[in-house]
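The values are calculated or read from the model by the stated rules, or taken from the named source; none is laboratory data. Since this is a predicted model, take the numbers as computed values, not measurements. Ideal geometry is used to build each Cβ from the backbone, glycine not excepted, and the neighbour counts take in all protein chains shown.
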Amino acid sequence: MDYKLTFKEFNKALKRGKLLGLKCRDCGKFTCPPKMACQECGSTNLDIAELNGSGKVVTFTVSYVPSEGREAEAPYTIVMVELDEGPWLMGNLTDIDPNKVTMDVIDRSVKLGLRSKVLPGDTYSIGGKEAEGGFARPTFVFA
Ligand SMILES: [Zn+2]
């Protein structure tokens, strides 16, 4: 089976500020980040779709112990965002001081930052191949 939308394509679009996902032709639900099958019904009958990048913060964490290669970024705030289209997407919340983040950010409206920051590859979680050329991580700002 092939990936309709690869992480490479997803990353490339993200670097240009575009959030791509998959729309299921069978159930109509969106999948993001890309997977091989619809995260709702398992169908592989998928179309590439652009998502608007807006949503609400579901939960967050502040990382003081970064993964290898990201030492210079710490501390940083990681948020789980429920996108308007439904899927949950993890990203960094960039317009708040990580030392001042409180529970108040939960449920706040956020949108994709204009350009997602290109970060050095985290070779452990994404594999050396994808790390080439940089891994784009979604960045969010308050809407
Ligand atoms: Zn589906």
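So, of the residues in region 29-39 that are touching an Asp or Glu at 6+ places or on another chain (Cβ under 9 Å) and farther than 14 Å from Asp2 by Cα, which turns out to be nearest to the ligand (Cβ to nearest atom)?
Among them, the one singled out is Lys29.
Using beta carbons and a limit of 9 Å, which pairs, at least six apart or on different chains, have the first residue in region 59-78 and surrounded by 13 or more Cβ atoms within 10 Å (Cβ to Cβ) and of a type in the set (Lys, Arg) and the second one modelled with pLDDT under 85 and part of a loop (DSSP other than H, G, I, E, B)?
Arg70/Pro120; Arg70/Asp122
Please indicate, with yes or no, whether at least one residue in region 6-26 is without any contact (Cβ under 8 Å) to a residue 40 or more places away in the chain, touching a Ser or Thr at 6+ places or on another chain (Cβ under 9 Å), part of a loop (DSSP other than H, G, I, E, B) and within 14 Å of the ligand (Cβ to nearest atom).
yes
Restricting to region 39-61, name every residue that is in a loop (DSSP other than H, G, I, E, B) and out of contact with any Phe, Trp or Tyr (no Cβ under 9 Å at 6 or more places or on another chain). Give the steps one after another, and end with the answer.
Of region 39-61, the ones in a loop (DSSP other than H, G, I, E, B) are 39-45, 52-53.
Once the filter is applied, which keeps residues that are in a loop (DSSP other than H, G, I, E, B) and out of contact with any Phe, Trp or Tyr (no Cβ under 9 Å at 6 or more places or on another chain), region 39-61 yields Cys41, Gly42, Ser43, Thr44, Asn45, Asn52.
Here is a list: Leu14, Leu20, Leu51. Which entry is at pLDDT below 90 and closer than 16 Å to Phe140 by Cα?
Leu14 is the lone residue from the list that is at pLDDT below 90 and closer than 16 Å to Phe140 by Cα.
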